[in-house]
Amino acid sequence: FFLFVIGLLLLEQISRKMTRPITHLVAASEKIKEGDLQQALLPKVPEGSSKEVSSLWKSFASMVLELAEKEKVRSLLNKVVAKEVATELLKKDLHLGGIRQNVVVFFADIRNFTEMVEPMEPEQVIEMLNACMTKCTKVLEKYGGVVDKYVGDQVMALFGAPCAIEEPYFSALKAALHLQEELALWNAARKREKKVLVEMGIGINGGPMLAGNMGASDRLNYTVVGAHVNLAARLCKRAQGGEVLVTDNALKEEAIESSFLLESLEETYFKGFST
């Protein structure tokens, strides 16, 4: 009987020694499932492990490190471009070209920027621009807009690409009005601090355009191209500080006229456009 008990104890120790690494792997798998890759990183292979367990352990640890690296890349990419664009760029079938989509394009830039920053130090300019673009981005994302790019004092955003949304004009106009309100509050504070005021003109237009990856085969940029994009940019350039200009294409959405107070302007012709 005594030998039988000793045999059972030895079997229990061996069993624990064999299952302990597997238990660690199961726990790490649960962390990965929860998205916590840092906590899933494994310690060194337990001493005395079998070749099979050691091989499994090393393969799993290698997989976790690779996933952590990919997540680091994704996290960095999300800081460079909008999450929706990052998802598009990370698709396996990434290639130059795009698809025809109906998209509403939103342009906003700071009025009299050159004169404004001429007496400022570069550090002050960057600080002001970053604060302004942070406000723009938060407002745009709140209404489903996707920031396409920042170009100096200008921000370009898309409503309806890469992902389609309902009533893109409505969302774009809501974002435009909200942004102008945010800028007014910010300027009130800047005035008290005796800082230069920051006013933005906004241009909005939509229609069929090509949305996809443009550029070179080894350096892509997700964006939209087409006459409707150019027209939105021209409207933005024409808009005064605090003003939002939109084409009558917006009237195609039923909610527009009932939700916004619109003022008709004289017909304006832009060079390069027939109508």
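Would you be able to tell me the number of residues in the range 172-203 that are exposed (fewer than 14 other Cβ atoms within 10 Å of the Cβ) and among the small types (Gly, Ala, Ser)? Final tally of qualifying residues: 3.
Within the range 224-257, the set of residues being basic (Lys, Arg), surrounded by fewer than 16 Cβ atoms within 10 Å (Cβ to Cβ) and closer than 26 Å to Ala184 by Cα comprises Lys237, Arg238. Residues in the range 98-112 include at least one that is at pLDDT below 90 and over 20 Å from Ala189 (Cβ atoms). For the range 113-130, the set of residues classified as under 24 Å from Leu173 (Cα atoms) and surrounded by 13 or more Cβ atoms within 10 Å (Cβ to Cβ) consists of Phe113, Leu129, listed by residue number. For the range 227-238, the condition holds for no residue, the condition being that it is out of contact with any Phe, Trp or Tyr (no Cβ under 8 Å at 6 or more places or on another chain) and either small (Gly, Ala, Ser) or part of a loop (DSSP other than H, G, I, E, B) (or both).
A quick yes/no check of all residues on (1) touching a residue at least 24 places away in the same chain (Cβ under 8 Å); (2) in contact with a His (Cβ under 9 Å, 6 or more places away or on another chain); (3) open to solvent by 10 Å² or more (accessible area, probe 1.4 Å):
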residue: Lys142; (1), (2), (3): yes, yes, yes
residue: Val146; (1), (2), (3): yes, no, no
residue: Gly152; (1), (2), (3): yes, no, yes
residue: Ala157; (1), (2), (3): yes, no, no
residue: Cys163; (1), (2), (3): yes, no, yes
residue: Glu166; (1), (2), (3): no, no, yes
residue: Phe170; (1), (2), (3): yes, no, yes
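Taking into account only those residues within the range 204-219 that are out of contact with any helix residue (DSSP H, G or I) (no Cβ under 6 Å at 6 or more places or on another chain) and aliphatic (A, V, I, L, M), which is least open to solvent (accessible area, probe 1.4 Å)? Once the filter is applied, the top-ranked residue is Ala211. Ser264 passes every criterion in (1) open to solvent by 60 Å² or more (accessible area, probe 1.4 Å); (2) over 27 Å from Phe113 (Cα atoms); (3) over 27 Å from the mean Cα position of the chain (by Cα); (4) touching a residue at least 40 places away in the same chain (Cβ under 8 Å) apart from (4).
The values are calculated or read from the model by the stated rules, or taken from the named source; none is laboratory data. As the structure is a computational prediction, the values presented were derived from the model and not from experiment. Reconstructed Cβ throughout: ideal geometry from the backbone, glycine too, with neighbour counts over all protein chains shown. For the accessible areas, the whole protein counts, side chains as well, though only heavy atoms, and no ligand, DNA or RNA atoms are used. Shrake-Rupley method; radii C 1.70, N 1.55, O 1.52, S 1.80 Å.
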